[in-house]
Amino acid sequence: MTDMKAIEFIDIHQNDEDEICECVILPDGSVEEPVPSHINRLIELSGKDSAWLHAQMDKGMEPLYWIVEFTGCMSVWQTRVVSPVNPTQEQMETLEELQDGAMLSPNYLMQKADDGYVESVRRAKMKSEGVL
């Protein structure tokens with residue numbers, strides 16, 4: 001999938017019959033379709049093997065929250081956004097554009113991982129870089 005600006009995404013989907021907004025917002029604020037699924041698209045964006053990523057997660061962690069924190073991407077549905085702990089300004093601006101374009105529910109749920117996920121991702125990135 002190619003990166004799009006929020007306005008392009010809105011133009012493509014504003015007349016969708018199902019009125020469901022699903023996308024991934026990259027750290028640079030660009031938007032992608034979550035194909036084949038949110039988690040699988042985020043795994044592709046990570047550049048890592050899914051088995052390696054799974055092995056880095058602490059037991060009991062929700063994979064979506066972990067991979068969102070690892071990639072720095074946002075996973076967006078019409079009523080829910082799963083965000084990294086520290087989203088970029090570009091991501092927040094894109095989210096606002098999607099809301100202004102009526103792609104999100106007025107009171108969508110913003111969810112972020114807790115510090116345990118941040119620490120787990122920090123360790124995984126250090127392993128990936130050969131520091132650990």
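The values are calculated or read from the model by the stated rules, or taken from the named source; none is laboratory data. Model, not experiment: these values are computed from the prediction. Here Cβ is always computed from backbone atoms with ideal geometry, including for glycine, and neighbour counts include all displayed protein chains. Side chains included, ligands, DNA and RNA excluded: accessible areas come from the protein's heavy atoms. Shrake-Rupley method; radii C 1.70, N 1.55, O 1.52, S 1.80 Å.
Tell me the trypsin sites (Lys or Arg not before Pro) within the range 22-90 that lie in a loop according to DSSP and have at most 14 other beta-carbon atoms within 10 Å. Write down the numbers at each step before the final one.
Numbers: sites: Arg41, Lys48, Lys59, Arg80; in loops: Lys48, Lys59.
Filter output for the range 22-90: Lys59.
Rolled with a 1.4 Å probe across the full set of protein chains, the surface gives Glu90 an accessible area near 90 Å².
So what is the relative contact order for the range 47-132, in percent, with contacts set as C-alpha pairs under 8 Å and at least six apart? Could you put the intermediate results ahead of the total?
Working: 85 pairs, mean separation 27.1, N = 86.
About 31 percent, as a whole number.
Legend: residues Glu96, Glu33, sorted from most to least accessible area (1.4 Å probe; ligands, DNA and RNA excluded), read Glu96, Glu33. Partner lysines whose Cα lies under 30 Å from the Cα of Lys59, excluding those fewer than 8 positions away in the same chain, are identified as Lys48, Lys112, Lys125, Lys127.
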